[in-house]
Structure formats: structure tokens, C-alpha cells
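Undergrad: One structure, pasted below without further comment.
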Amino acid sequence: MSVVKKVILAAPRGYCAGVDRAVQIVERALDTCGAPVYVRKEIVHNLHVVSQLKERGAIFVDSEEQIPEGAVCVFSAHGVSPEVRANAARRNLQVIDATCPLVTKVHLEAKRFARNGRRIVLVGHVGHEEIEGTAGEAPANTTVIEDAAQIDALNLDPGEPVAYLTQTTLSVDDTREVVEGLRERFTDLAGPHNDDICYATQNRQVAVKALAPEADLVLIVGALNSSNSNRMVEVAMKAGTRAYLVPDETHLQEKWLEGVEVVGVSSGASAPEVLVERLLARLATLGYETVETKEVTSEDVTFSLPPWLRAGGDRAAARPT
């Protein structure tokens, strides 16, 4: 009896509203201001996206200090600290802020908790751009931890006023464990009004969790430095299914497919759909021609562009604020 090989494609997957907005901002800035447009850090964590924008005239730098005075500067979707904003102002940069609105929400919460005199425990990955930006809102008040095991090392009194915030791209289950540990430790603990983990991160993890039991192997399309994509791989593995992160179809190793009938496929929030299509085409050449979609929820979230970058703007009059 012949084996029927197939792919189960997760939905939702791929671009979230914040990533879509950030990429559009760079594209519109190039159209409106002309090249070069400087971008601080990767606009989103995906080399394919960055390469395409480079071809159009975007120049990516590690620091605002590397941007010529007076030039157009785009802040990435991950957000920046007040120190970076001050440096940009000192250099008279024409700043366009592509920070995801959901990240901005966390920044505002950090400032609010600091004003109220609370110590802030920021849950996230040390060195990630989003964490650096958020911690920079109240550096004297903020301590970053990555997991529940680090709670004991906080060296804070159990009765001290404490608040927690989280990176927007974390594992939902792992973050819940850390927050529960903080609640057990501190008697005066405040948190955000709503969960900091973004809707897209949660939806993609839920979709992978639903997909994994039906698959022999799960492939997540996403950059190696993409936090949310790595968390999706972890979710599949915790569900008991082998899983790999593949930046594009060239990273697929045929040996992974030995004995595999069903391949689950999804993509991180900063991965364009074209990379998924290319992976599906590669899988089809290896016998996985049947594709079924498994949709766990639908998404209709959008974030508006800065007014002067919207379609129909006057290039001569348009200027970043």
C-alpha cells in the first residue's frame, strides 16, 4: 500500500501587523524621501526582507551614531531606548519610528511602573533589541530575567513593590510559568493591563500546538535570530514532534524526511509568505504535493502608517517628525 505524503499548513502564520507596517514604512520612506534611507538594526528579523530593502537603497546600521547627520533614520519594529532617541535628535536625524505599537505599549507600561516607584522585572532574552529598548525606559529600576530559575537571584524583598513586563515574542507557556513564580515570590506584584505577548505570537504558537500532533515533522520558516520563530519550534517539540527552523527552502535537509508521511509547516511573524511558498515547492519535488490548511483562528489586525507616509503623500512636502 502506497504512502500518501502530505503537508499540513498552519494558519495563521507569517507576517503580523507590526512587521507588515514596519516593512511598508521603509518602502514608503524610500519612495517619498529617496535613497538612501538608513535603518537602525534589522527592520525585522529576516535576512530575505533586509536584502530586498537593501536592493532598493536602504542602508542598515548597528547604531544611530553611524548615520550621517541630518539623514533619514528608521527605528526598527523592535523599538529603541530614550538614549537612542536623544542621540538621534543630537545628530539632527530625520527619524521615522517603525516601532510596533504593541512594543510601544510595553514601553509606556515601563515608564508608568517606574513613575510609581516599582522595581521592574522584565522577562525576555538578554541582548534582544526589544529588551534593550524597553529596559532603557527605566534602567535604574529594571532587571531582566529569562526564566523562573532566575527569580531567586533577583535579591528583592518579598514585600517590595514590584512589577513585571514581558518581551512580546516569548513562549506563552514559559512566560506563564515565570509570572506564576513571581506571584508566589512577591506580595505586591503589578502587571500590565493586558498580556504583553502579542496576539500574533500567541496565535502562531496555538496553531503549531494544534498542528504538531498530526505531523511527523514540523518545519518553521523563520530567521535564526527570530525570537518568535524559535519559540514556535520549541512549542512543536514540547508537543512531542520533531521540529526545525528553516530560514528558507535551501536549509531543508532531505534526511529529516526519512520515514515522514506528514510535514507540518508554519512561519514566524517576520517571515514573508514567499519563503513558505518556496519551501512548499521544494517539498512537492520530494513527494509532498498534497497541501491541507489547518486554521485555528483568523486575524484582521492592522496598524496604520504615519500620516505623511500614506499613499498619495506629497514627496516634496513630506518630512519625518
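Undergrad: Out of curiosity, is Leu165 touching a residue at least 60 places away in the same chain (Cβ under 8 Å), crowded, with 22+ Cβ neighbours inside 10 Å and not small (Gly, Ala, Ser)?
TA: no
Undergrad: Would you call Ala212 in a strand (DSSP E or B) and touching a strand residue (DSSP E or B) at 6+ places or on another chain (Cβ under 9 Å)?
TA: When the stated conditions are applied, Ala212 does not pass them.
Undergrad: I'm checking my understanding of the structure. Among residues of the range 172-204 that are surrounded by fewer than 21 Cβ atoms within 10 Å (Cβ to Cβ) and either in contact with a His (Cβ under 6 Å, 6 or more places away or on another chain) or of a type in the set (Ser, Thr, Tyr) (or both), which one is farthest from Arg231 (Cα to Cα)?
TA: Among them, the one singled out is Thr187.
Undergrad: Just need a number here: residues in the range 59-88 that are over 11 Å from Ile43 (Cα atoms), polar (S, T, N, Q) and crowded, with 23+ Cβ neighbours inside 10 Å.
TA: 0
Undergrad: Which ones in the range 214-240 are in contact with a helix residue (DSSP H, G or I) (Cβ under 7 Å, 6 or more places away or on another chain) and in contact (Cβ under 8 Å) with a residue 40 or more places away in the chain?
TA: Across the range 214-240, the qualifying residues are Leu217, Val218, Leu219, Ile220, Val221, Gly222, Ala223, Asn228, Arg231, Val235.
Undergrad: Contact list please: Cβ distance under 8 Å, first residue in the range 188-200 and without any contact (Cβ under 8 Å) to a residue 40 or more places away in the chain and of a type outside the set (S, T, N, Q), second residue in a loop (DSSP other than H, G, I, E, B) and surrounded by fewer than 16 Cβ atoms within 10 Å (Cβ to Cβ), pairs at least six apart or on different chains.
TA: Sorted first by the residue in the range 188-200, then by its partner, the pairs are Asp188/Gly159; Asp188/Glu160.
Undergrad: Can I ask one more? So which residues in the range 1-35 are in a loop (DSSP other than H, G, I, E, B) and either farther than 20 Å from Leu305 by Cα or charged (D, E, K, R) (or both)?
TA: Hits for the range 1-35 are Met1, Ser2, Val3, Val4, Lys5, Pro12, Arg13.
Undergrad: Further question: Residue by residue through the range 174-209, note down the ones that are within 12 Å of the chain's Cα centre (by Cα) and assigned to a helix (DSSP H, G or I). It would help to see each step written out before you state the result.
TA: Restricting attention to the range 174-209, the residues satisfying the condition of being within 12 Å of the chain's Cα centre (by Cα) are 197-202, 204.
Across the range 174-209, the qualifying residues are Tyr199, Ala200, Thr201, Gln202, Arg204.
Undergrad: Tally up the residues in the range 36-58 that are of a type outside the set (Gly, Ala, Ser), crowded, with 18+ Cβ neighbours inside 10 Å and outside any helix (DSSP H, G or I), please.
TA: 10
Undergrad: Right, another one. Between a first residue in the range 265-291 that is of a type in the set (A, V, I, L, M, F, W, C) and a second residue that is buried (at least 20 other Cβ atoms within 10 Å of the Cβ) and in a helix (DSSP H, G or I), which pairs have beta carbons less than 6 Å apart while being 6 or more apart in sequence or on different chains?
TA: Ala269/Val19; Ala269/Ala200; Ala269/Asn228
Undergrad: When only residues in the range 89-118 that are of a type in the set (Gly, Ala, Ser) and buried (at least 20 other Cβ atoms within 10 Å of the Cβ) count, which is farthest from the chain's Cα centre (by Cα)?
TA: Among them, the one singled out is Ala110.
Undergrad: With the condition kept exactly as written, say whether any residue in the range 231-242 is surrounded by fewer than 17 Cβ atoms within 10 Å (Cβ to Cβ) and in a helix (DSSP H, G or I).
TA: There is at least one residue in the range 231-242 that is surrounded by fewer than 17 Cβ atoms within 10 Å (Cβ to Cβ) and in a helix (DSSP H, G or I).
Undergrad: Now, a different point. Please work out if Leu182 is within 30 Å of Thr104 (Cα to Cα) and either among the aromatic types (Phe, Trp, Tyr) or not assigned by TED's automatic domain parsing to the domain that holds Ala77 (or both).
TA: On the way: within 30 Å of Thr104 (Cα to Cα): yes; either among the aromatic types (Phe, Trp, Tyr) or not assigned by TED's automatic domain parsing to the domain that holds Ala77 (or both): yes.
So Leu182 passes the test.
Undergrad: I would also like to ask the following. I'm trying to understand the selection: among the residues of the range 80-104, which are closer than 12 Å to Glu130 by Cβ and of a type outside the set (A, V, I, L, M)?
TA: Here is the first cut: in the range 80-104, the ones closer than 12 Å to Glu130 by Cβ are 80-81, 99-100, 102-104.
The answer is Ser81, Thr99, Cys100, Thr104.
Undergrad: Looking only at the range 253-262, decide whether some residue is assigned to a loop (DSSP other than H, G, I, E, B) and crowded, with 22+ Cβ neighbours inside 10 Å. Please lay out each step first, then the result.
TA: Taking the range 253-262 and keeping what is assigned to a loop (DSSP other than H, G, I, E, B), we get 253, 258-261.
If we keep only those that are crowded, with 22+ Cβ neighbours inside 10 Å as well, we get none.
No, that holds for no residue.
The values are calculated or read from the model by the stated rules, or taken from the named source; none is laboratory data. Note that this is a predicted model, so its numbers are computed, not measured. With ideal geometry, Cβ positions are generated from the backbone for all residues, glycine too; neighbour counts draw on all protein chains shown.
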